[in-house]
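Take a look at the structure below.
The values are calculated or read from the model by the stated rules, or taken from the named source; none is laboratory data. Just so you know, these numbers come straight off a predicted model, no measurement behind them. Cβ: placed from backbone, ideal geometry, glycine included. Neighbour counts: every protein chain shown.
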Amino acid sequence: MRSMGKTRRALRTALACGVSGAALVTALAAPARAGTEPYGTERGRGPAGYGTPGWRLTDTGTDARFRGLAAVGRDAAWVAGSGGTVLRTADAGRTWRDVSPAGAAGLEFRDIEAFDARRAVALAIGEGEASRIFRTEDGGAHWTETFRNPEPRAFYDCMTFFDRRHGLAVSDPVDGRFRILSTGDGGATWRVLPDTGMPAALPGEAAFAASGQCLVSSGPKDVWLATGGAAEARVLHSADRGLTWTVAGSTLPAGDPARGVFALAFRDRHHGLAVGGDYRAGQPSGRAAAVTGDGGRNWRRAATPPPAYRSGVAWPAPGGGAALAVGPTGTDLTTDGGRTWRTVDTGSYDTVDCAPDRGCWAAGEQGRVARLSP
């Protein structure tokens with residue numbers, strides 16, 4: 001959108017099984033040993049000495065703001081952000097390699113999707129030709145621009161992939177409907193899908209390019225789109241890779257361009273989380289999270305939501321009840337599938353992502369990228 005655009009065993013058990021919630025909370029919030037400061041302290045910037053489990057800052061060597069994040073595993077991740085910056089690590093964040101596309105310094109990357117440590121697709125946002133998609137197959141040594149938006153009214157916000165070949169990207173409404181871009185060859189080529197199956201957008205409705213999570217998928221065909229900025233914050237769902245859509249209202253704050261659903265996460269085609277609120281600093285967001293158990297047809301307000309606006313959310317393990325939500329004022333944990341949340345860290349993050357091996361990463365302002373250490 002234009003306005004935004006622990007012990008090791010306890011942690012792994014909780015993330016894998018969705019149980020031992022108390023152990024996971026204790027681990028995430030545990031005080032650090034000497035020389036291993038947690039995220040909220042500047043002395044914790046170094047990549048060494050991960051002693052205590054919890055978020056650990058890594059030294060990225062840049063002050064770019066990273067809203068695009070792709071967790072490949074415990075050791076490998078990609079981030080994409082302001083100033084056309086793309087970084088990659090393959091050693092748990094001890095070192096980061098600048099793999100920014102040549103000539104991209106004027107672009108604003110807000111999403112990156114990675115298939116492994118060498119293949120990734122990055123999305124730059126903005127009106128008209130500022131919205132672009134790049135693809136690499138050699139770890140970022142070389143990038144190919146595979147899409148440049150020719151429609152001046154379109155503004156692409158985020159993207160998702162169902163598998164290594166099939167993916168979608170979403171633009172804010174053009175002619176009253178969200179515009180969907182589709183690829184069937186891993187991002188090498190793209191085409192705009194017909195909008196005949198897309199419900200009409202509400203006045204002022206758009207998607208938020210805040211964390212790369214306004215468009216998410218689960219399984220081979222299901223995809224969900226989060227919206228805001230209108231009288232109602234909604235979630236759209238497609239079961240056929242974006243050809244036809246249904247729409248449901250959420251319980252998240254609405255009625256203002258700064259409010260809505262900012263991020264979604266689905267652990268399967270039925271169970272999902274929505275987070276958001278009002279992104280303006282100091283504004284209340286008392287209903288910042290919701291949960292669904294029927295694929296997004298109905299959303300229930302979290303009984304105990306995060307205390308403030310949250311822009312990113314992720315399930316550490318499919319099938320479990322544990323999930324993480326992040327935002328400028330902290331990280332929150334749920335161990336009951338999103339019904340109740342507890343703040344476990346007060347550091348600022350914009351996005352969070354977890355890999356299939358349950359390696360979790362978070363990223364945000366001032367070049368901050370953190371790893372959930374085991």
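Report, by residue number, each residue of region 288-323 that is assigned to a loop (DSSP other than H, G, I, E, B), surrounded by fewer than 19 Cβ atoms within 10 Å (Cβ to Cβ) and modelled with pLDDT of 95 or more.
Matches in region 288-323: 293, 294, 297, 298, 303, 307.
Under 6 Å between Cβ atoms, at least 6 apart or on separate chains: pull out the pairs that start in region 92-107 with a residue that is hydrophobic (A, V, I, L, M, F, W, C) and end on any residue that is surrounded by 13 or more Cβ atoms within 10 Å (Cβ to Cβ) and in a loop (DSSP other than H, G, I, E, B).
From region 92-107, the pairs are 92/75; 96/60; 99/140.
Just to check your reading of the model, which residue among 369, 275, 344, 352 is over 19 Å from residue 72 (Cβ atoms), out of contact with any helix residue (DSSP H, G or I) (no Cβ under 8 Å at 6 or more places or on another chain) and of a type in the set (A, V, I, L, M, F, W, C)?
275
Go through 171, 211, 217, 182 for me and flag whichever is out of contact with any helix residue (DSSP H, G or I) (no Cβ under 9 Å at 6 or more places or on another chain), among the polar types (S, T, N, Q), assigned to a strand (DSSP E or B) and closer than 22 Å to residue 79 by Cβ.
217
Mind listing just one residue for me: the one in region 75-105 that is crowded, with 20+ Cβ neighbours inside 10 Å and hydroxyl-bearing (Ser, Thr, Tyr) and, of those, nearest to residue 360 (Cα to Cα)?
89
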